[in-house]
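S.K.: A single structure is presented below for examination.
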Amino acid sequence: MVIPAPSALEPGQVASLEASPDLAKTRKKGGSLARTRGERIFGVFNVIVLLLAVAVTLYPVINVAAQSFSSEKYIDFGQVFVWPRGFNIDTYKVVAGDPAFWIDYKNTVVYTVVATAISMFLSTIYAYALSRKELKGRTFFVWVALITMFYSGGLIPQYVLVSGLGLTDTIWAIVLPNAISVFNLLVMKSFFENMPRELEEAAALDGLDTYGTLWRVVLPLSKAVIATMILFYAVANWNSWFQAFLYLDKSSMFPVTIYLRNLITGASSAQTSGANAASDLTAISANIKAVAMVLTMLPILVVYPFVQRYFVSGVMLGSVKQ
Amino acid sequence: MTTVAAKPEGVGTPPRRRGKSVLRHWQLYSLLVLPLIYFLVFRYVPMIGNVIAFRQYIPGGSIFGESWVGFQNFTLFLTDPNFWTVFRNTVMLGGLTLVFGFPVPLVLALLMNELRTRWFKRFVQTTTYLPHFLSVVIVAGMVFQLTSLHGSINELLSAVGLQKISFMQEPGWFPAIYVGSEIWQTAGWGTILYLAALTTIDENLYEAARIDGANRWQQTWHVTLPGILPTVMTLLILNIGTFMAVGFEKILLLYNPVTYSTADVISTYLYRVGIQAGSFSYAAAIGMFEALIGVILVVGANLVSKRVVGSSLW
């Protein structure tokens, strides 16, 4: 799961949604006037160390991207590092020409959209109900969710249940079992709790019932947290593979992560599709794997820079003690 | 307007009988229904479903099993040498991830905090957070590519005159590869809470330290570190509490029979025994044991956290 574990900071330590850590105030400004020689040396050293960290972080991504544009023989001789050798886009054409890839890609899109919609619906209504003081037994209902965070039935009973319900080889096996992330639920709950009560009182005076208040008043004012939660769920769904691996047998239903997994581990079903371009049928060529990896992470890489701050604010909201 | 959205008694409430609050707020309670069904079916039924650990389960039969077999499955795995291998591996991989993985985000956050150039700091953050958003399948793919015989790591080794290593086939290398890829994926994201804590340190403390003639290193040691110590302790204790929960999906992708001796962990073992080999009851018993240890560790860690740091999960 991509969802980070919650942790407890002091209440109020992470106060606002906007307070992202990169706004580390302006404190260093005064100090920079009187930097000693040692501090300047440290400053240079620090930049170098962090550049190294950046390089180590990015290298695998860059290496895969370079391989995806390289010809196979250069990869097999270990000559592709950060720049493509024997540049070509033929591998992209091969993968793009594989109908199975696009079927699986489309499946991933469908699963992500449906699962995220279900997750958002369930999480929002539960979180909103839990945030209302007049709900009798709030503590109980919070614990119903909390307990599942610490004790889960485990893989085997879950598997037995999903197959027992006849969900195997259906979309429901993918989108239902993990529909609510308790972490996300608690983030939403604390956000709703912090909304001014007057808004709901005003809505009540205007004759709105609970549904109307939630739909017309609360949700429009919660766009930031809603966006963050959609992102959390969507990324988790886009990236997930194990549910599909467990419950789907029909290759026409696989998400693209399973397509990729089969390429990477050289599992049988992929050979028929991706590997017809590979010279050697026992091993799928590295450039085909690289292309599939690039295409799978592309949506994330494209939207990531723009939405990163939402993720950060989501984690911070979640870290405020519930 | 039969149901008015609730509000505290008093302030301008239209006169209304103090009737059954549940009835009055039926819409509010109706919001609970679907999520509760979800929790019941997909979270609590599996918990109860663990009863098959004590019963004989027949695939296709009742999900709660057919007849009682007592503690047979538990005695079976406690005497299963494979179980103790995977138990040891779980502790090993979890422990190594904790020891090597925990300090990295802290150090990274402290270094980032020393940066004076805003855009560069933002750049470092953005890039180091990235791996957190990649699918474990992608990460596994990258691990395979980097460690392959003609991958970058082996090319580097041979460039400095060392023997190439078939990393993924050598049990001795698996822990390093696993822990390394964990750090790669989580270190950057792990800095967020530290960076947040760092912004809350009172600026006057630095001012005072400077007036006292403290250099930056002394400021870090005497102001910064004490300032974020509660966060560090809380996260450390939480990490200790969850250290047995090793990355099941990643291991499932990375390991193979050759590396089972160091890579196979409780969760992967019960996956093979249960779902692949069909010994559901036996695997459920192992799963219960693992979950129990998990709960004990988390609850224990939380108790310690409450005592030592004064903050806790609940």
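S.K.: Condition first: in contact (Cβ under 8 Å) with a residue 60 or more places away in the chain and more than 7 Å from chain A (Cβ to nearest Cβ). Now tell me which residues in the stretch B:137-164 satisfy that.
M.R.: Within the stretch B:137-164, B:Val139, B:Val143 qualify.
S.K.: Quick check on my filter: what residues within the stretch A:198-211 are more than 8 Å from chain B (Cβ to nearest Cβ) and in a helix (DSSP H, G or I)?
M.R.: A:Glu198, A:Leu199, A:Ala202
S.K.: Do we find a residue being at pLDDT 60 or above, within 26 Å of A:Leu298 (Cβ to Cβ), outside the structural domain of A:Val182 (by TED's automatic domain parsing) and open to solvent by 40 Å² or more (accessible area, probe 1.4 Å) anywhere in the stretch A:42-51?
M.R.: Yes; the residues of the stretch A:42-51 include at least one that is at pLDDT 60 or above, within 26 Å of A:Leu298 (Cβ to Cβ), outside the structural domain of A:Val182 (by TED's automatic domain parsing) and open to solvent by 40 Å² or more (accessible area, probe 1.4 Å).
Table: residues versus (1) modelled with pLDDT under 90; (2) of a type in the set (Gly, Ala, Ser).
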site	(1), (2)
A:Glu72	yes, no
A:Ile75	yes, no
A:Pro84	no, no
A:Lys93	no, no
A:Val110	no, no
A:Ala117	no, yes
A:Leu122	no, no
A:Arg132	no, no
A:Arg138	no, no
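S.K.: Quick one: which helices (runs of 4 or more DSSP H) lie wholly within the stretch B:212-314 and hold at least 3 residues that are at pLDDT below 85?
M.R.: Helices (runs of 4 or more DSSP H) meeting the threshold: B:225-241, B:280-308.
S.K.: Moving on. Within the group A:Ser163, A:Ser190, which residue is in contact with a strand residue (DSSP E or B) (Cβ under 7 Å, 6 or more places away or on another chain), surrounded by fewer than 20 Cβ atoms within 10 Å (Cβ to Cβ) and part of a helix (DSSP H, G or I)?
M.R.: Of A:Ser163, A:Ser190, the one residue that is in contact with a strand residue (DSSP E or B) (Cβ under 7 Å, 6 or more places away or on another chain), surrounded by fewer than 20 Cβ atoms within 10 Å (Cβ to Cβ) and part of a helix (DSSP H, G or I) is A:Ser190.
S.K.: Now for a different question. Take the residues of the stretch B:190-215 that are touching a Ser or Thr at 6+ places or on another chain (Cβ under 8 Å) and open to solvent by 10 Å² or more (accessible area, probe 1.4 Å): which is farthest from B:Val107 (Cα to Cα)?
M.R.: B:Asn215
S.K.: Are there any pairs with C-beta distances below 9 angstrom linking a residue in the stretch A:127-141 that is within 7 Å of chain B (Cβ to nearest Cβ) and assigned to a helix (DSSP H, G or I) to a residue that is of a type outside the set (Phe, Trp, Tyr) and open to solvent by 30 Å² or more (accessible area, probe 1.4 Å), with the two at least 6 apart or on different chains, and if so which?
M.R.: That search, which allows pairs on different chains as well, returns A:Tyr128/A:Leu219; A:Ala129/A:Arg138; A:Ala129/B:Ser30; A:Phe141/B:Leu36.
S.K.: When you go through (1) modelled with pLDDT of 90 or more; (2) within 23 Å of B:Val137 (Cβ to Cβ); (3) in a helix (DSSP H, G or I) one by one for A:Met229, which number turns out not to apply?
M.R.: With respect to (1) modelled with pLDDT of 90 or more; (2) within 23 Å of B:Val137 (Cβ to Cβ); (3) in a helix (DSSP H, G or I), A:Met229 is out only on (2).
S.K.: Shifting gears a bit: Check off (1) open to solvent by less than 50 Å² (accessible area, probe 1.4 Å); (2) under 30 Å from A:Phe141 (Cα atoms); (3) in a helix (DSSP H, G or I) for B:Gly65 and give me the number that stays unchecked.
M.R.: Among (1) open to solvent by less than 50 Å² (accessible area, probe 1.4 Å); (2) under 30 Å from A:Phe141 (Cα atoms); (3) in a helix (DSSP H, G or I), B:Gly65 violates only (3).
S.K.: With the checklist (1) more than 14 Å from chain A (Cβ to nearest Cβ); (2) in contact with a helix residue (DSSP H, G or I) (Cβ under 8 Å, 6 or more places away or on another chain); (3) open to solvent by 50 Å² or more (accessible area, probe 1.4 Å) in hand, flag the one item B:Arg116 doesn't pass.
M.R.: (1)
S.K.: Pick from the stretch B:20-35 the residues that are buried (at least 16 other Cβ atoms within 10 Å of the Cβ) and more than 7 Å from chain A (Cβ to nearest Cβ): which of them is nearest to the chain's Cα centre (by Cα)?
M.R.: B:Tyr29
The rows are residues; the columns are (1) within 11 Å of chain A (Cβ to nearest Cβ); (2) among the acidic types (Asp, Glu).
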| position | (1), (2) |
| --- | --- |
| B:Thr220 | yes, no |
| B:Leu235 | yes, no |
| B:Asn239 | yes, no |
| B:Leu252 | yes, no |
| B:Thr262 | no, no |
| B:Ser281 | yes, no |
| B:Ile286 | yes, no |
| B:Glu290 | yes, yes |
| B:Val304 | no, no |
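S.K.: Looking only at the stretch A:166-180, count how many residues are open to solvent by 20 Å² or more (accessible area, probe 1.4 Å) and at the interface with another protein chain (Cβ under 7 Å from one of its Cβ atoms).
M.R.: Number satisfying all stated conditions: 1.
S.K.: Counting only residues that are touching a Leu at 6+ places or on another chain (Cβ under 7 Å) and closer than 14 Å to B:Leu254 by Cα, which one in the stretch B:139-167 is most open to solvent (accessible area, probe 1.4 Å)?
M.R.: B:Ser166
The values are calculated or read from the model by the stated rules, or taken from the named source; none is laboratory data. Values in this document were obtained by computation on a predicted structure and should not be read as measured data. Ideal geometry is used to build each Cβ from the backbone, glycine not excepted, and the neighbour counts take in all protein chains shown. For the accessible areas, the whole protein counts, side chains as well, though only heavy atoms, and no ligand, DNA or RNA atoms are used. Shrake-Rupley method; radii C 1.70, N 1.55, O 1.52, S 1.80 Å.
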